[in-house]
Amino acid sequence: MRKRSIVPIVYILFLMLPIYWLVTMSFKTTNEILGGFTPWPQSFTLDNYRKIFNDPTWYMGYVASIEYVAINTVLSVAVALPAAYAFSRYRFLGDKHMFFWLLTNRMAPAAVFALPFYQLYSAVGLFDTPWAVALSHTLFNIPLAVWILEGFMSGVPKELDETAYVDGYSFPRFFIKIFIPTIAAGIGVACFFCFMFSWVEMLLAKTLTAVAAKPIAALMTKTASTSGYELGLLAAAGTLTLIPGAVVIYFVRNYIAKGFALGRV
Amino acid sequence: MARILIDKLRHAYVQNPQKPEDYALKEMSLELADGGAYALLGPSGCGKTTLLNLISGLLHPTEGRILFDDTDVGQLTPEQRNIAQVFQFPVVYDTMTVYDNLAFPLKNRGVPAGEIDSRVREIAGMLDLGPTLNKRAAGLTADGKQKISLGRGLVRSDVNVIMFDEPLTVIDPHLKWVLRSKLKELHHRINRTMIYVTHDQTEALTFADRVVVMNLGEVVQVGTPVELFERPAHTFVGHFIGSPGMNALPCTVENGRPTFLGHAVPIPGEIRLPNDGGRLEIGIRPEFIKFSGLESGPTIAVEVTKVSDAGRFRIVETRAQEHRIRLLVPEGDPVPSGAAQLRFDPKHTHLYRDGWLVG
Amino acid sequence: MNKTVNQKAWFLVLPVFLFVAFNAIIPLMTVVNYSVQETFGNNIFSWSGVQWFQDTLQSDRFHASLGRQLMFTAIILAIEIPLGLAIALAMPRKGPWVSVCLVLMALPLLIPWNVVGSMWNVFALPEIGLMGRGLNALGFDFNYTRQPGDAWFTIVLMDVWHWTSLVVLLCYAGLVAIPNDYYQAAKIDGASAWAVFRFIQLPKLKRVLTIAILLRFMDSFMIYTEVQVLTGGGPGSSTTFLSIDLFKVALGQFDLGPAGAMSIIYFLIILAMSWVFYTLMMRNEAK
């Protein structure tokens, strides 16, 4: 047992190395970074962070990111819930084809959709708003949410539904009062995945925004190219983007293993 | 094949146990004869599975010894102990055929191929698995899978003991009976020590020659099904075995005789009361109580409160002051309503102190 | 589970259908439109039939990108699936360390993809990055901005860093779902550690492994942002995978016709391969 735990320890060390480098870099001055190799900050500075928190174009990037991620998560899970219920409980014309077609959208390369999305969302006047990004991300998040929720719902015996109808519940009341609480864990997992994929996706997010709704992570690469080689600032911005992910993982830490199996083990 | 001796065994799941409550299994000594059919019977959480896992080697005891014949096996692995075990949920190797499943324990031990083949076919025959030998084990029903688990234990000709941990839990009711008789038959055929863990008294009493009744981490009685029924060593055994369970009536001892509500109640043997004090009870099974006329011997006045039909007999509930007494009346016999007299069969009336049999 | 036939269930699926149709069908039609037309700018289009498809399918450039893409996907699958499985097997099953392990391992999965690229960009820089500097100090002549081999090495390592945890988490979830009885029975049957893996763990993990392979296949086939930020497809075009090439054609050169044709071929390749996985998975489930 002792010997085996070497494997995860080494792996975690490997995972932490680039993160360590990014974080230490964010506390270094530009001179120190470019001046040569230092394993940790020689002249510790918070200037990079100060710059970010004093510049609205920076910190508003955060707000924009959170905004579209939140809209997308709520939207995806809300519309996926009734659909997943239909797939898990009923057979209907074209159900299997529909399910597969939905999944194919999870397989659509963002690069294929970037240009048409740009034209589509410009045409409907949503370009450079959080809504454009949120809606475009539903392309892959709705199918994913349907898939995850269907897995969890199929694990709930049908007798639950039947008992509720016998007890005189209407469908909407049953769905909200009884069914949703029963699959709360599944909803949590679906939200987690929607958050995750909306938060990490950058190609569409970057393409569909210009100034107002530019996500924080996209601002970062822009800075790298426009304001010269400010690696410290870039590292600080990068470090800040690690935080929301870390917070979310911390909250779901006890469900993480089950969640990743998408309710299908 | 081995005689199993359990000597002053104790087990705790916590490290460094201090209090008696830390022990999931309280100190016990037990001897299981070679070739016997035993059942470990008790409610959930009584420690019977712990005891089973200690014997099989899946757990190692905190204190005490386990001897197979004269060898102390306490620290040996299940493989070294040479035992077989059938679990609650059928365990089969899904990707293998039924044949390969049965051959697996032999292959792992390097048995020659020819011998494996003849053993597997012999056991498959006994378990009626012959026609499915070349099918994938994953496709079988629950009872088929459970037979495979059982078969993997039986193929090895050298096992010291075969253990069953509530093996019929997931089997359909109508097949339970079939599988249970199969087990009994197999025990007669191969004549090997078998230990059967269950919380179901019917399973235990029909399978075992001797039943070990456990409660709260200790052994309360070891005996044949008849002994457990006729002379429960503890009121727990009286309650747990039999349906309805034994009546336990608070009493006192006056002039060396148990006395209930002022009536002396005769019992067959001597009373062994080492000292005074303790909670005294009379224990008598509903089967050994009769309604009686006023004419003969000592009787107890009761009020009949409830009669329920249970097929071949009726369960009659009566009340003597605040004490409930239940008795069985055979179908067709009259049941008085209202006031009545009860008579206890003296041969089957026992006295208990703090739950334990004292006379 | 026996499902009842109920055509009204369509009403429950309708919102999903509308959203996805809006997002999938309209843009896809645009792409199809481009792929069969010739444009000279100013919104003037003329019919070009299957010209662009023929050109794309015959172009060396497309073959080269597709080759690189297949190679990349094959390499990372060959590394990440066994590695993830091995790590999951070595993880503790209970105790306080489980949560710590899982949280730390999941971290790379929640980092925006261009941050992943930037992070590895600075990490691997030969003069000032920990990895680049370290490799050079060990005597390797490492420079991913100039040597294609080094660029590939860095990208593969980055992808392993980024995604192996997904495989670990899936496998781990599958492992903890195996009842303890199986391990105990194996012990009693005298099974070796290898036999336990081969006959208990691997068969029980088949389902999660299929999901892992499917997800890793799809996502690695679509990789864009991380590589774009790290190497920009270079040096030369040595790390130009399909998505990067597509972007170069569509936005760099504004060749909408070829880009449209390429998009459709690209999408169809992923669809076809995913369909194979999907049917295999469903067939297993039916058994």
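What follows draws every value from the coordinates through simple rules; no lab data is involved. Computed from a predicted structure; not experimentally measured. Virtual Cβ from ideal backbone geometry, glycine too; neighbours counted across all protein chains shown.
Counting residues in the range B:14-55 as N, plug N into 2.2 N^0.38 Å and put the Cα Rg over that result.
Numbers: Rg = 12.5 Å, N = 42, 2.2 N^0.38 = 9.1 Å.
Scaled against compact globular proteins, the figure is 1.37.
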*Using modelled amide H (1.01 Å from N, peptide plane; none on Pro or chain starts), what sits under 5 Å from the amide H of B:Val220, excluding residues fewer than 5 places away?*
B:Val213, B:Met214, B:Asn215
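Given the peptides C:138-150, A:55-67, A:112-124, arrange them by the average over their residues of other C-beta atoms within 10 Å, most packed first. If you can, show how the numbers build up before the last one.
Details: C:138-150: 15.1, A:55-67: 17.3, A:112-124: 19.6.
Final packing ranking: A:112-124, A:55-67, C:138-150.
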*Using DSSP, restrict attention to beta bridges with both residues in chain B and report what percent are antiparallel, rounded to the nearest 5.*
75 percent
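Averaged across the residues of A:12-23, what count of C-beta atoms belonging to other chains lies within 10 Å of each residue's C-beta?
That works out to 6 on average.
Using the beta-carbon distance between A:Ala246 and B:Lys8 and R0 = 56 Å, what value does 1/(1 + (r/R0)^6) give for FRET efficiency, to the nearest 0.05?
0.55
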*What shape does chain B have by the C-alpha gyration tensor, where a ≥ b ≥ c are the square roots of the eigenvalues, rounded means a/c under 1.5, and otherwise prolate means a/b greater than b/c and oblate the rest?*
prolate
*At q = 0.10, 0.15 Å⁻¹, work out log10 I(q)/I(0) for chain A with the Debye formula, treating every Cα as an identical point scatterer and leaving solvent out; two decimals please.*
-0.66, -1.15
*asked:* Can you sort C:Ile200, A:Ile216 from fewest to most other Cβ atoms within 10 Å of each residue's own Cβ?
replied: C:Ile200, A:Ile216
*Peptide C:190-197, shielding by other chains (average Cβ, 10 Å cutoff)*: 3
*Using the 10 angstrom Cβ neighbour count as an exposure proxy, how do A:Met107, C:Met222 rank, fewest first?*
A:Met107, C:Met222
*Provide the per-residue ³J(HN,Hα) series for the range A:245-251, in order, calculated from phi with Karplus coefficients 6.51, -1.76, 1.60 and θ = phi - 60°, each as a whole number of Hz, with x at glycine and proline positions.*
x, 4, 4, 4, 4, 4, 5
*asked:* Let me spell out the model: positive unit charges on the Cβ of Lys and Arg, negative unit charges on the Cβ of Asp and Glu, origin at the Cα centre of the range B:249-357. What dipole size does that give, in debye rounded to 20?
replied: 140 debye
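Averaged over peptide B:47-60, how many Cβ atoms belonging to another chain are found within 10 Å of each residue's Cβ? Can you show the working numbers first?
Values: counts 0, 0, 0, 0, 0, 0, 1, 0, 0, 3, 3, 5, 0, 0.
The shielding value for this peptide is 1.
What does the convex hull of the Cα atoms come to per residue for the protein assembly as shown, in Å³?
Numbers: hull volume 226.1 nm³, N = 911.
So the per-residue Cα hull volume is 248 Å³.
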*For an R0 of 22 angstrom, estimate the FRET efficiency from the Cβ-Cβ distance between C:Lys206 and B:Thr77 and round to the nearest 0.05.*
0.15
*Throw me the Rg/Rh for the range A:1-45, computed over C-alpha atoms with Kirkwood Rh, two decimals.*
1.22
*asked:* When only alpha-carbon atoms are used, what values of Rg and Dmax, in angstrom, describe the range B:225-265?
replied: 12.3, 34
_Residues of the range B:178-201 with amide N under 19 Å of a point placed 7 Å along Cα→Cβ from B:Asp128_ = B:178-190
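For each of B:His199, A:His97, B:His187, count neighbouring Cβ atoms within 10 Å of the residue's Cβ, then give the residues from fewest to most. Spell out each step's value before the answer.
Details: B:His199 17, A:His97 9, B:His187 20.
Exposure proxy ranking, most exposed first: A:His97, B:His199, B:His187.
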*Hey, got the dipole for chain A? About the Cα centre, +1 on K and R Cβ, -1 on D and E Cβ, debye to the nearest 20?*
660 debye
_Only helices at least 27 Å long along their own axis, judged from Cα atoms, and with Kyte-Doolittle mean hydropathy of 0.5 or greater: name those in chain C from DSSP H._
C:9-35, C:60-90, C:148-176, C:256-286
*asked:* Shape verdict for the range B:132-201, please, from the Cα gyration tensor: rounded (a/c under 1.5), prolate (a/b greater than b/c) or oblate.
replied: oblate
*Using 0.36 nm per residue of separation minus the Cα-Cα distance, give me the extension gain between B:Val178 and B:Asp345 in nm, one decimal.*
56.4 nm
*Quick one: grab the alpha carbon gyration tensor of chain C, order the square roots of its eigenvalues as a ≥ b ≥ c, and give me rounded if a/c is under 1.5, else prolate or oblate depending on whether a/b is larger than b/c.*
oblate
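Rounded to the nearest 0.05, what FRET efficiency is calculated for C:Leu57 and B:Ser118 with R0 set to 41 Å and r the Cβ-Cβ distance? Walk me through the intermediate numbers first.
Details: r = 62 Å, r/R0 = 1.52.
E(calc), rounded to 0.05, equals 0.05.
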